[in-house]
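Worksheet: one structure, shown below.
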Amino acid sequence: MDRRNALKKTGLLAGATLAVPSMFSLLQSCKNEPRLGWQPLFFTEEEAKTVSTLIDMILPRTDTPGALDVKADMFIDKVIGKTYDDEGQKRMRDAIAAFNEDCKKDFGDVFINLGEDERIKVLQKNEANSGKFSRGVWGTAVGKQEPIGFYRSMKSMAIWAYFTSEEIGENVLSYDPIPGGYEACKPISEVGNRWSL
């Protein structure tokens, strides 16, 4: 049994915060879709470029793959296109438009046309002003959740797509397709890298 099938069967997703097995088939379908010629399901061309540029700034390629390397933007597009209702899709379009309007107001152009320094300032502003996720217990938020806004929503979805991708799960995080015995009380220095499911 491979990692994808194991996750589908257990219904775990990002620490059991969301149990929607169909999401995994969306992520798997992104793996096989070529970057060149990608036709977004939901986003317009400008919206897709905005989201791709934004998540590339959040999770850039370093010595490990970046968000675009694991096609997180394609995954986000499919999640919104296939799981959001009409009202949710309209809110997303409005949020992207508002995000770009803020960029125009502050820097004179939409996000994708800004220089790297200006984009960093946009991210810093949004990081400081976006709502935070309420603490959760076993995937359920504790207390009332404040609105998180477009930036925090994209950041969360990008991280979710990134860490549930096969590339990251098998080649960046520690991965053992056939786990051995349970070792209790192991010193943290011997644990090493974070483990994928």
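Values in this text are rule-based calculations from the coordinates and carry no lab data. Small disclaimer: the values here were computed from a predicted structure and weren't measured. Cβ sites come from the backbone with ideal geometry, for glycine too, and all protein chains shown count toward neighbours.
A Förster radius of 30 Å, combined with the Cβ-Cβ distance separating Y182 from I159, puts the computed FRET efficiency at roughly 0.60.
Residue pairs exceeding 26 angstrom between C-alpha atoms, taken from K82/K155; K49/K121; K82/K104; K78/K105; K71/K186; K78/K155: K82/K104; K78/K105; K71/K186. Taken along the Cα-to-beta-carbon direction at a fixed 7 Å, the label points for F133 and K90 span 2.8 nm. Taking other residues whose beta carbon is less than 9 angstrom from the beta carbon of I96, and scoring Lys, Arg as +1 and Asp, Glu as -1, yields -2.
Per-residue 3J(HN,Hα) values for segment 46-53, derived from phi via the Karplus relation 6.51 cos²θ - 1.76 cosθ + 1.60 with θ = phi - 60°, read 5, 4, 4, 5, 4, 5, 4, 5 Hz in sequence order (x marks Gly and Pro).
Over all other residues within a Cβ to Cβ distance under 15 Å of D117, the charged ones net out to -1, with Lys and Arg as +1 and Asp and Glu as -1. Count the net charge of all other residues whose Cβ sits under 14 Å from the Cβ of E45, scoring Lys and Arg as +1 and Asp and Glu as -1. Local net charge: -2.
Only alpha carbons enter this Debye calculation for segment 78-162, each as an equal point scatterer, and the log10 of I(q)/I(0) it gives at q = 0.11 Å⁻¹ is -0.37.
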